[in-house]
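Input: a single structure, listed below in structure tokens.
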């Protein structure tokens, strides 16, 4: 394992897989006891939970491996592949559930022992919710797409279970009062099958965004806030800010405009400080690459340093924000100023 975050992700995914396997047995037991298609919906989704959890576990194991000659940026991208596979499996499960629900509407089956089945499903839902919310929290904290996807899948399963519990409770109460409203069973399965398909599509979209290196607005905002907080007088401008996620690791790069008369030693000191500030926000999971660039004549209006080579008066510092720092060139008013001698 390369760092504490990766190890934490991997170990918790083991818990997700173990709990998922136990709940799978419980839910299928409830289905065979009750013959409820809604409980069958829950049980089928648990199959996906276990299979996807195992895939996620292997993905987290690979993503935690250190960079090597063949993978200079590490193995973190495998988490995105894992999440996309999990999303596809969730979607397929939703389709199968809808198919079974339609069959049940056309050919109704009797429901039995709902009291026992409800107790088993309520217990499974409570455990699912606890493990799922914890997985999401840890996944977001450690920037693990795979662990967060597993957590969202469990929470989705919990939402489905809650709806099923409410519907079957109504069916059970109807039985006690002498009313047959068992049609609610396949109808609930239809609704939650559609909900599961939508959730799976969302997981796939997020994974595809990561594979295509879509910018993470939250991480970029943290990076810009860090730069503004620790802004050095020597950092005249910053542009071409890029953040790429590789599993729980971040690759951050930026071009920093520095005074043209700076020595290499002085540039190295600015580079060290920049690394230190970024590490204070993202910890050891961030890899920073700073590309120094010399200031131009149009940079003078944004530089407050005392400089014998100044060609224009200082007007104001550039106000950095995400959109500005993401631009590919140094910033100035039209990138030109009227140059005049300053006495």
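Since every read-out is calculated from the coordinates, none of them should be taken as a lab result. Values in this document were obtained by computation on a predicted structure and should not be read as measured data. Positions of Cβ are backbone-derived with ideal geometry, glycine not excepted, and every protein chain shown enters the neighbour counts.
Each residue of region 217-325 gets 94 Å³ once the volume of the Cα convex hull is shared out per residue. For the chain, the longest principal axis of the C-alpha atoms and the axis of helix 4-34 are separated by about 20°.
To the nearest 10 degrees, how steeply does helix 37-63 sit against the main Cα axis of the chain, on a 0 to 90 scale? That works out to roughly 30 degrees. Per-residue packing, averaged as other Cβ atoms within 10 Å, sorts the ranges 89-99, 258-268 into the order 89-99, 258-268, beginning with the highest. Neighbour counting of Cβ atoms within 10 Å sorts the residues 226, 273, 295, fewest neighbours leading, into 273, 226, 295. Tell me the angle of helix 78-106 to the major Cα principal axis of the chain, expressed in degrees between 0 and 90 and rounded to the nearest ten. The two axes meet at around 30 degrees. Between region 242-311 and region 122-183, what is the separation of their alpha carbon centroids in Å? Their Cα centres are 48 Å away from one another. From least to most packed, judged by other beta carbons within 10 angstrom and beginning with the fewest, 222, 206 follow the order 222, 206. Between 193, 110, 178, the Gaussian network model of the chain with springs among Cα atoms under 10 angstrom shows the greatest mean-square fluctuation at 178.
Overall, the anisotropy analysis places the chain in the prolate class: the square-rooted eigenvalues a ≥ b ≥ c of its C-alpha gyration tensor yield a/c not less than 1.5, with a/b exceeding b/c.
Of all DSSP-defined beta bridges confined to the chain, some 45% are antiparallel rather than parallel.
Fewest-first ordering of 119, 236, 55 by other beta carbons within 10 Å of each residue's beta carbon gives 119, 55, 236.
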